[in-house]
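Derivation of every value follows stated rules applied to the coordinates shown; laboratory data play no part. Everything numeric here is computed off the predicted structure, so don't read it as measured data. Cβ atoms come from the backbone with ideal geometry, glycine included; neighbour counts cover every protein chain shown.
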Amino acid sequence: MFETRVATAVDAEVIADHRRSMFAEMGHGSEEGLQRMVDSFVPWVRERLIDGRYVGWLVVGDAEQVVAGAGVWLMDYPPHWRDPQALRAYLTNFYVAPQVRNRGLAFALLRTAVEEARRHSIKVVSLHASNAGRPIYERSGFEATNEMMLYLS
């Protein structure tokens, strides 16, 4: 019924559409702000899909429609006491279309993303969780941290 495939550069717009939908469903951003994000995100993710700094997966359902997706941004990161290598896995753009939720797709994508981090011998995997996604991440061993943010205007 569902097939998961690796995303390529031609999928940048699909990944951006998932990203827009994710933020819109969480009530973040105006339509204008979300469009500006998409306009900037498409070339950003396309470049990283090409050079391997972003690895993504898309779940295809009936009629070859993409119904879910997720990605790992392999970030240059200062060596840390938990992981001395200069690479960190940041999970991003997890999205499952409403009509196919609660079928295990998000969990399967999460397992795939974590395995990608393991393949790179990465010891620290991070993400920012939505309220809807938090239970899946917690069940998979993710812990809340003390990260703080300052939003500059």
request  = Counting only C-alpha contacts under 8 Å and six or more residues apart, can you give the relative contact order of the chain as a whole percent?
outcome  = 20 percent
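If you place +1 on the Cβ of every Lys and Arg and -1 on the Cβ of every Asp and Glu, how big does the dipole about the Cα centre of region 1-81 come out, in debye to the nearest 20?
Details: 7 positive and 13 negative charges, 54 e Å.
Taking the Cα centre of region 1-81 as origin, the dipole is about 260 debye.
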query = Under unit Cβ charges (Lys, Arg +1; Asp, Glu -1), what dipole magnitude, rounded to 20 debye, does the chain have relative to its Cα centre?
reply = 500 debye
Amide H within-cut-off set for Val67, under 5 Å, with H built and near neighbours excluded = Val59, Val60, Gly61
Cα coordinate range in the chain, projected on the principal axes (Å, largest first) = 47, 40, 32
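What is the sum of charges, Lys and Arg at +1 and Asp and Glu at -1, for the other residues whose Cβ falls under 14 Å from the Cβ of Arg111?
+1
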key: Charge dipole (the chain, unit charges on Cβ, about Cα centre) - positive-most of Val45, Gly61, Ala144   = Ala144
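If exposed means no more than 11 neighbouring beta carbons inside 10 Å and the site is in a DSSP loop, what's the longest run of the chain without any exposed chymotrypsin sites (Phe, Trp or Tyr not before Pro)?
1-80
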message = Could you derive backbone 3J(HN,Hα) for region 107-112 from the dihedral phi with the Karplus parameters 6.51, -1.76 and 1.60 (θ = phi - 60°), listing whole Hz in sequence and x where the residue is Gly or Pro?
response = 5, 5, 5, 4, 4, 4
inquiry  = Show me, for region 27-39, the HN-Hα J-couplings you get by feeding each phi into the Karplus relation (A = 6.51, B = -1.76, C = 1.60, θ = phi - 60°), rounded to Hz, glycine and proline as x.
reply    = x, 9, x, 7, 4, 4, x, 5, 5, 4, 4, 4, 4
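What fraction of the DSSP beta bridges in the chain is antiparallel, stated in percent and rounded to the nearest 5?
If I count the DSSP bridges inside the chain, around 90 percent turn out antiparallel.
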